[in-house]
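Here the structure is laid out as structure tokens; the discussion comes afterwards.
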Amino acid sequence: MEAQSQTVPPTKTSALLQQQLCEAALYVSGRPLDFKTIGSVIGARSEEKIRSIARAIAERYAKMDSPVQVLELPDGRFVMQLRPQFAKNVRRLSNRPLLTPGPLRTLSFIALRQPIAQSHVVRVRGKLAYQHVKQLKEMDLISYDKLGRSRVLRTTTTFADYFNLNHDPALMKKELKNVFDITHPQQSQTAHYSPSTEQS
């Protein structure tokens with residue numbers, strides 16, 4: 001009897017509860033969630049059902065004209081995030097400080113220009129970029145492939161997930177330009193760089 005009392009019968013109420021649990025999971029996680037993860041929270045296994053529930057939440061937020069949106073990513077995962085046009089105004093309030101300004105600027109430069117040779121990043125960002133690249137690689141925010149004596153740098157799925165960005169590089173660059181309010185990435189990054197003031 002005790003086991004039965006913990007099971008919610010398949011009624012309209014349980015359908016509402018599943019949608020509420022899905023919304024709660026997206027809110028708390030702060031990162032994209034796949035079908036398996038959402039299903040484990042709401043008690044469902046059918047990908048079709050989970051997708052239907054998540055899409056219903058996404059549509060509701062769209063109709064509310066909220067600064068928060070729920071997106072279905074190209075790989076099928078769902079994420080709750082701020083719309084880019086609002087993120088730049090409130091990012092200073094974030095409780096998830098990750099990087100000091102120097103590495104963050106190097107990371108944004110890589111993300112906006114990827115795939116990009118490390119040698120070019122160093123020319124624009126200065127010699128401290130070598131240390132930045134090492135730190136970003138250790139944090140799994142970037143990856144690289146060998147290209148002669150240099151490396152070709154690009155961001156990882158961890159980077160996209162952490163900053164709630166699209167995994168598609170072209171769409172990601174558009175989102176980043178909104179977040180960082182950058183219209184000319186190379187000029188902006190160069191203007192901010194100063195060997196005497198750069199932070200490692």
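Given Cα positions, please report Rg to Rh for region 18-162, the hydrodynamic radius being the Kirkwood one.
Rg/Rh: 1.07.
Give the peptides 150-159, 52-61, 101-110 in descending order of average Cβ contacts within 10 Å, highest first.
The peptides rank, most packed first, as 101-110, 150-159, 52-61.
Binning every alpha carbon pair distance of region 128-169 at 5 Å from zero, what are the percents per bin?
Computed distribution, short to long bins: 6, 23, 27, 23, 14, 5, 1.
What is the extension gain from Asp168 to Glu59, computed as 0.36 nm multiplied by their sequence separation minus the C-alpha to C-alpha distance, in nm to one decimal?
Full extension from Asp168 to Glu59 adds 37.1 nm.
Treat every Asp and Glu Cβ in region 41-84 as -1 and every Lys and Arg Cβ as +1, leave all other atoms uncharged, and give the resulting dipole magnitude about the Cα centre to the nearest 20 debye.
So the magnitude is around 100 debye.
Bear in mind these aren't lab numbers, they're just calculated from the coordinates by the rules spelled out. As the structure is a prediction and not an experimental result, all values here were calculated from the model. With ideal geometry, Cβ positions are generated from the backbone for all residues, glycine too; neighbour counts draw on all protein chains shown.
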